[in-house]
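Below: the structure, in structure tokens.
The values are calculated or read from the model by the stated rules, or taken from the named source; none is laboratory data. Not measured: the values here are computed from a predicted model. Note: ideal-geometry Cβ built from the backbone for every residue, glycine included; neighbour counts use all protein chains shown.
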Amino acid sequence: MSEEPSRAIVTEIRREIAIVRFNRPAQRSPLSRQTLDQLQRTTTALFLESRLRAVIFTGAADVFAAGADIRELAQLDTTSALEFSRLGQELFQTIANARLITIAAINGYCMGGALDLALACDIRVASKAAVFSHPGARLGIITGWGGTQRLPKIIGRSGALELFVTARRIDSATALRLGLVTQVEDPILDCALKLAERTTPRLSPTR
């Protein structure tokens, strides 16, 4: 059964800060094609807002978000797989290049493609309950949305390679030690909002 696109992502504006929330925790908020399309429309509109200074990405309940919907991946052929990979790559590169400061407020499970999204953000902060993983190795796949390039730059080649090939999960304390996140705090959205209030938009894209 297809998801309800209008409920997959919820956007809220608090003064000069936009909060983009993945809103299907019961399904682990998968980044399906519909969700990516909605996220693309949402971020395109937000990044053009001159009144905004920052965009925070977060999740609901105990889930930040998961990666691609495995059921969708199983139905892809060569052409549609390339298209789907490019969609995620281009979307996350747009987030990485945004004039506004982007913050991933990781409130819980952050898996696969969702970790790629967090890596595309300028700043990553996590709750004590956050869990991170790139589980593709257990499924015989590898992320196609930029994580293989960004994770080594953030935590180093050896650490990134270990996470990719073992598919192991790490907690927020380990993520902080590795440099994957800069703060561990609860409530994590309040932490992200405080950070966002102290930021100023870039004059031009830097990445």
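Residues that are of a type in the set (D, E, K, R) and within 12 Å of the chain's Cα centre (by Cα) within the stretch 122-147 comprise ASP122, ARG124, listed in sequence order.
Please verify whether the stretch 156-170 includes one or more residues that are closer than 28 Å to GLU12 by Cβ, at pLDDT 95 or above and surrounded by 13 or more Cβ atoms within 10 Å (Cβ to Cβ). Within the stretch 156-170, none of the residues are closer than 28 Å to GLU12 by Cβ, at pLDDT 95 or above and surrounded by 13 or more Cβ atoms within 10 Å (Cβ to Cβ). Scanning the stretch 60-91 for residues being more than 26 Å from THR200 (Cβ to Cβ), crowded, with 19+ Cβ neighbours inside 10 Å and modelled with pLDDT of 95 or more gives a total of 2. Looking at LEU119, LEU151 in this structure, which one is within 15 Å of ALA65 (Cα to Cα), within 13 Å of the chain's Cα centre (by Cα) and either modelled with pLDDT of 95 or more or assigned to a helix (DSSP H, G or I) (or both)? Of LEU119, LEU151, the one residue that is within 15 Å of ALA65 (Cα to Cα), within 13 Å of the chain's Cα centre (by Cα) and either modelled with pLDDT of 95 or more or assigned to a helix (DSSP H, G or I) (or both) is LEU119.
If you check THR42, THR94, THR102 for being surrounded by fewer than 22 Cβ atoms within 10 Å (Cβ to Cβ) and either farther than 27 Å from ASP190 by Cβ or touching a Phe, Trp or Tyr at 6+ places or on another chain (Cβ under 9 Å) (or both), only one passes: THR94. Does the stretch 51-59 contain at least one residue that is under 14 Å from LEU31 (Cβ atoms), in contact with a helix residue (DSSP H, G or I) (Cβ under 8 Å, 6 or more places away or on another chain), in a loop (DSSP other than H, G, I, E, B) and in contact (Cβ under 8 Å) with a residue 40 or more places away in the chain? Taking every residue of the stretch 51-59 in turn, at least one turns out to be under 14 Å from LEU31 (Cβ atoms), in contact with a helix residue (DSSP H, G or I) (Cβ under 8 Å, 6 or more places away or on another chain), in a loop (DSSP other than H, G, I, E, B) and in contact (Cβ under 8 Å) with a residue 40 or more places away in the chain.
Could you go through the stretch 123-135 and let me know if any residue there is buried (at least 19 other Cβ atoms within 10 Å of the Cβ) and part of a helix (DSSP H, G or I). So far as the stretch 123-135 goes, no, none of its residues is buried (at least 19 other Cβ atoms within 10 Å of the Cβ) and part of a helix (DSSP H, G or I).
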